Every structure is written in C-alpha cells, then in structure tokens.
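In what follows, a single structure is set out as structure tokens and then discussed.
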Amino acid sequence: MVQPTKEYAEQLDQQDALRDMKKEFYVQEGQIYLDGNSLGLMPKRAEDTLNEVIDSWKNFGIDGWSEGKYPWYYLSENLGKQVASLIGAKPEEVIVTGSTTTNLHQLAATFYRPEGKRTKILADELNFPSDIYALQSQLLLHGYDPDEHLIQVKSDDGRTIDEDKIIESMTDEVALIILPTVLYRSGQLLDIAKVTKAANERGIPIGWDGCHSVGAIPHHFHDLDVDFAYWCHYKYVNSGPGGVAGLFVHEKHLDKRPGLTGWFGSDKDRQFDMEHTFTKAHTAGAYQIGTPHIFSIAPLIGSLQLFEEAGGIEKIREKSLQQTRYMMALVEEKLMAYGFELGNPVEDERRGGHICLEHPEAAKIAKALKEQNVIPDFRAPNVLRVAPIAFYTSYADIYEAVERLQSIMEKETYKAFPNERGTIA
Ligand SMILES: *Cc1c(COP(=O)(O)O)cnc(C)c1O
C-alpha cells in the first residue's frame, strides 16, 4: 500500500535500484526539478559526448564525417538503432533526424494520399498545437479546407479522449490518422494497441506523436503494426534544447519513396555518386532530408547510454509509475483541501509520466513554487504539470516538493504573484 508519508519515501529510496543515476545529471543544489517532461536536465554524459564530437571537428575537419569516435556520416543511423529499443522497433525502422514538427510534415507528405472521397485527416482536439498547424498546412497544400477536412475528436471532459470515439470517427472518408501517445496536458496515455488495430482493420494509415512518452514509457510500434511515429528527444530522453528528433516507419513501408526527399535520404553507399536520380536508403534513413545537425545530435549519444545502464526503458517506466502513484497519494492527502483537482487518469495503464494538477490560480502557484526552488510547468489557464523523473527525482524529492506546495497554499504566499503566464510556460 502506498503511504503518503516521509518514511515511505525513505523506504522506497533505499530500495531503488536507480537511485545512483542522479549523479549522472546536473541537478542544482536544493532544487527539485519537475519539468523533465518539457526539457530534461543535462546528463554529464551528454556533455561529454558533445565535447567529443566538437573535438572531432577540431581535430579532423572534413574527415570527421568518417573519422573519430563517432563518425558523423553514420551517427543518425547508429543512434536510430539504439532508440529502436525504447520504442519497440527494428533497428532499420528508426532514424534520428529533424524536429517533431518537421518529421510530422515529412510523414504526412508521405502517408497522406487523399483519393476519391477519402480525403480527411483524423486527429483530436487536445493535441499539441504544432501538430495541428502542420496538419492544417498539409491539407492546404493539397487544396483542402482544414475546417472541413481536419476532424478533431472531441473530449468529453476537457482532459481526456475516449478511444471508442476515435474509432467511431474512422470513417471511409479518413485518409490519415494522427494522435499523441500521451496527451501533453492531462498526461492520458491512449490505448495505442486498440486504436492502431482499429485503424489497420479499416486500412487507414496511423501515425503516433510520441513526444510525451518516448523515454518514459516503452512502446511496441513494430509489433502493433503502427505505420509510423515521430517524437522529440529533449523531453524524457534528455538530449538538450532543440535536440534532434526521431521517427519510425514500419518495415512494411520501407520501399515507399518519402514525400520530401533530399540527398541525406540516399542509400549511403550511393549518396556521393551525385546522380540526379534519387537512390533511396532501404531504411528509415530515407526520410532524412539534408545534412544532419551534428552538434544537436551529439548529446543524445550520452543520454542513450544512461537508458542502457538503467537496465532499459521497462525499468524507467516501473519507477516512474511508482513515483507518480506516490505523488498522487500525497496530493490526495495534503492538497485537495486547497482546491486542487487531479486532471490525469489515475490508472497505471492510462497514465503517462507526469501528474496534472488543476487549480484556478495555477499561474500564481507555479511562480510561488519556483521561488521555493521547485520547478513545475504551467499550461494556461489552470494546469500545473509535475513530472518526477526516474533518472534524477528521488521519492524524498517528491515528498519535499508537495510539502513546499502545501506550505505555499497554507500561507497563501502564492497570492502575491500575478495570475498570468510568462512568455515561455
Ligand atoms: C513537445 C511537443 C512538440 C514540439 O515539437 P517541436 O517540433 O519539437 O518543436 C510537438 N508535439 C507534441 C505532442 C509535443 O509534446
């Protein structure tokens, strides 16, 4: 049984096989960082590998593409093979490239093939805005009006999306489905298996945005027959601001010509033939466009080592679930009296890596928390997201964070702060 006590936190910390991983990160003294779902803290290893890659530029110049510890020419493919273990993919199905949004553009350009009355894109009304903007522009590029051709499944409670409603919306007018694995506000983990199966049965290609789950939750994209997926690495994978993203294309599609082609999508042995006929790679590498952003990839080399050393993504998920379970128990015990509501699903199989605390004065409370050296994030108008990170948040940190929050509420110190969000929230 979960106990909302300090003793329970101490006991869990003692039993925690991952507790020493915290030393691998730059954690500010006295600070409790609960924003790793927005930007993961810096692993010391990521700093090391970035420096090593900088050294190869220093020492090898152009030959850094083929020389040095991490030859740049193969870096995206090699890291893709490692990321494959986080998402349940075959090594050749994953490439490290682009950003979340550009990868969605690339994949929509490939998989959105309107034909006859099958012209619509199915999404949901709670997804991250960038995904929606990308889909709107893909429709416009094909000459369709997004107001008519982008179907966004409604939420009943403003927090979650009902999978059955998604499935009901998979009509014979739908040409493509794009959904988030985990909703960025409430942290709802969708039933990826069920929804993917329904899409497959109807012959509609389906792609998942894994930004809020990759690095926190294991996936089985290959076995579930997911058509494609895309995600960033700067959240739960700790690869740094603007770190290069990832994409997955199921092997059954690897003979397709990508919608947007460029020379880095070439078969690697043929790329430097410099022909005007595109000879595509036979891997997800074909979805690359131009020269990879090597210095924004380099930290990922180090970040991924830590997943391996932790014993894999299953171990991370196990701890993360135990941490959010403990945190919810503390919230129930200590915060409900102050007008908070839990916005996230409470079941393990429907919960992502963060807890969603709703409060009408969340903007003020977020500022008061920061002043107390607890870093949450705020999503207007009323959401505080708090994410204990298996790598660097201890159970004692969780207890202490909730204590500081309770004290802010009890003393009403939050009232002194303006109820507005900053430019970045
Ligand atoms: C973080 C996030 C993004 C961000 O996209 P970028 O191209 O990396 O800026 C997009 N979609 C979702 C669901 C996200 O959580």
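Taking only the alpha-carbon positions of the chain and ignoring solvent, what does the Debye formula give for the base-10 log of I(q)/I(0) at q = 0.05 Å⁻¹?
Taken in order of the listed q values, log10 I(q)/I(0) reads -0.18.
Can you pull out the GluC sites (Glu not before Pro) in segment 135-207 whose DSSP state is coil and whose Cβ has at most 16 other Cβ atoms within 10 Å?
For GluC sites (Glu not before Pro) across segment 135-207 that sit outside H, G, I, E and B with at most 16 neighbouring Cβ atoms in 10 Å, the list reads GLU173.
Charges at C-beta only: +1 for Lys and Arg, -1 for Asp and Glu. How large is the resulting dipole of segment 122-172 about its Cα centre, in Debye rounded to 20?
The dipole magnitude comes to about 220 debye.
Could you give me the ³J(HN,Hα) list for segment 296-306, computed from phi with Karplus coefficients 6.51, -1.76, 1.60 and θ = phi - 60°, whole Hz, x at Gly and Pro?
Once rounded to whole Hz, the list reads 8, 9, 3, x, 5, 4, x, 4, 6, 4, 5.
Which listed residue (LEU75, VAL94, LEU122) has the Cα farthest towards the positive end of the charge dipole for segment 48-309, taking +1 on Lys and Arg C-beta and -1 on Asp and Glu C-beta about the Cα centre?
LEU75
If you fit an axis through the alpha-carbon atoms of helix 313-334 and take the longest principal axis of the Cα set of the chain, what angle between them do you get, 0 to 90°, nearest 10?
So the helix axis and the longest Cα principal axis differ by about 30 degrees.
For segment 181-227 and segment 105-176, compute the distance between their C-alpha centroids and round to whole Å.
So the separation of the two Cα centres works out to 15 Å.
With unit charges on the beta carbon (Lys/Arg positive, Asp/Glu negative), name the residue among ILE424, ALA84, PRO180 whose Cα is farthest towards the positive pole of the charge dipole of the chain.
Result: ILE424, furthest along the dipole toward the positive end.
Taking all protein chains together and a probe of 1.4 Å, list ASP191, ASP267 from the most accessible to the least accessible.
Most to least solvent-accessible, the answer reads ASP191, ASP267.
Counting DSSP beta bridges in segment 152-259, what percent are antiparallel, to the nearest 5?
The antiparallel proportion sits near 40 percent.
At 1.4 Å probe size, with the rest of the protein present, what percent of the exposed accessible area of segment 48-309 is carbon and sulfur atoms?
51 percent
Could you give the size of the charge dipole of segment 1-149 about its Cα centre, using +1 on the Cβ of each K and R and -1 on the Cβ of each D and E, expressed in debye and rounded to the nearest 20?
320 debye
Determine ³J(HN,Hα), in whole Hz, for all residues of segment 262-277 in sequence, where each value follows from phi through the Karplus function 6.51 cos²θ - 1.76 cosθ + 1.60 and θ = phi - 60°; x replaces Gly and Pro.
Ordered by residue, 3J(HN,Hα) equals x, 5, 6, x, 6, 3, 5, 7, 9, 3, 8, 5, 6, 6, 8, 9 Hz.
First check a/c for segment 1-153, with a ≥ b ≥ c the square roots of the eigenvalues of its C-alpha gyration tensor; if it is under 1.5, answer rounded, and if not, answer prolate when a/b is larger than b/c or oblate otherwise.
oblate
In sequence order, what are the phi-derived ³J(HN,Hα) couplings for segment 234-245 according to the Karplus relation 6.51 cos²θ - 1.76 cosθ + 1.60 with θ = phi - 60°, rounded to whole Hz, with x for glycine and proline?
8, 8, 6, 9, 6, 9, x, x, x, x, 5, 8
Hey, in the GNM for the chain with a 10 angstrom Cα cutoff, which one of SER38, SER99, SER130 fluctuates hardest?
Between SER38, SER99, SER130, it is SER130 that shows the largest mean-square fluctuation.
With each run of n ≥ 4 DSSP H residues scored as -39500 (n - 2.57), what mean residue ellipticity at 222 nm is computed for the chain after dividing by its residue count and rounding to the nearest 500 deg cm²/dmol?
For the chain, the value works out to -11500 deg cm²/dmol.
Which loop-located trypsin sites (Lys or Arg not before Pro) does segment 2-111 contain, where loop means any DSSP state but H, G, I, E or B and the Cβ has at most 12 other Cβ atoms within 10 Å?
Loop-located and lightly packed - LYS69.
Considering the dipole of the chain built from charges on the beta carbon (Lys and Arg +1, Asp and Glu -1) around the Cα centre, which of THR171, ALA216, LEU135 is farthest to its positive end?
Looking along the dipole axis, the top candidate is LEU135.
Among DSSP bridges having both ends in segment 48-309, what percentage is antiparallel? Round to the nearest 5.
Percent antiparallel among DSSP bridges in segment 48-309 is about 40.
At a Förster radius of 45 Å, what calculated FRET efficiency corresponds to the Cβ-Cβ distance of ASP348 and TRP57, to the nearest 0.05?
Calculated transfer efficiency: 0.50.
Counting only heavy atoms of protein chains, what accessible area per residue, in Å², does the chain have with a probe of 1.4 Å?
43 Å²
Full-extension gain between LYS90 and ASN373, please, as 0.36 nm times their residue separation minus the C-alpha to C-alpha distance.
Once the chain is fully extended between LYS90 and ASN373, it gains 97.7 nm.
Going down the list LYS6/LYS44; LYS69/LYS315; LYS6/LYS411; LYS120/LYS256; LYS334/LYS411; LYS235/LYS370, which pairs span over 23 Å between their C-alpha atoms?
Those over the limit are LYS6/LYS44; LYS69/LYS315.
I'd like the trypsin sites (Lys or Arg not before Pro) in segment 85-144 restricted to DSSP loop residues with at most 15 other Cβ atoms within 10 Å, sorted by number.
For trypsin sites (Lys or Arg not before Pro) across segment 85-144 that sit outside H, G, I, E and B with at most 15 neighbouring Cβ atoms in 10 Å, the list reads LYS117.
Report the full-extension gain for the segment MET1 to ASP13: residue separation times 0.36 nm, less the Cα-Cα distance, to one decimal in nm.
2.7 nm
Tell me the Rg and the Dmax, in Å, that the Cα atoms of segment 141-258 produce.
When restricted to Cα atoms, segment 141-258 yields Rg and Dmax of 14.9, 42 Å.
Roughly how big is the chain's charge dipole about its Cα centre, with Cβ charges of +1 (Lys, Arg) and -1 (Asp, Glu), in debye to the nearest 20?
500 debye
The values are calculated or read from the model by the stated rules, or taken from the named source; none is laboratory data. In this text, all values refer to a predicted model and were calculated from it rather than measured experimentally. In this analysis, Cβ positions are derived from the backbone assuming ideal geometry, glycine residues included, and neighbour counts consider all displayed protein chains. Just so you know, the surface numbers come from the protein's heavy atoms only, side chains and all, with ligands and any DNA or RNA stripped out. Shrake-Rupley method; radii C 1.70, N 1.55, O 1.52, S 1.80 Å.
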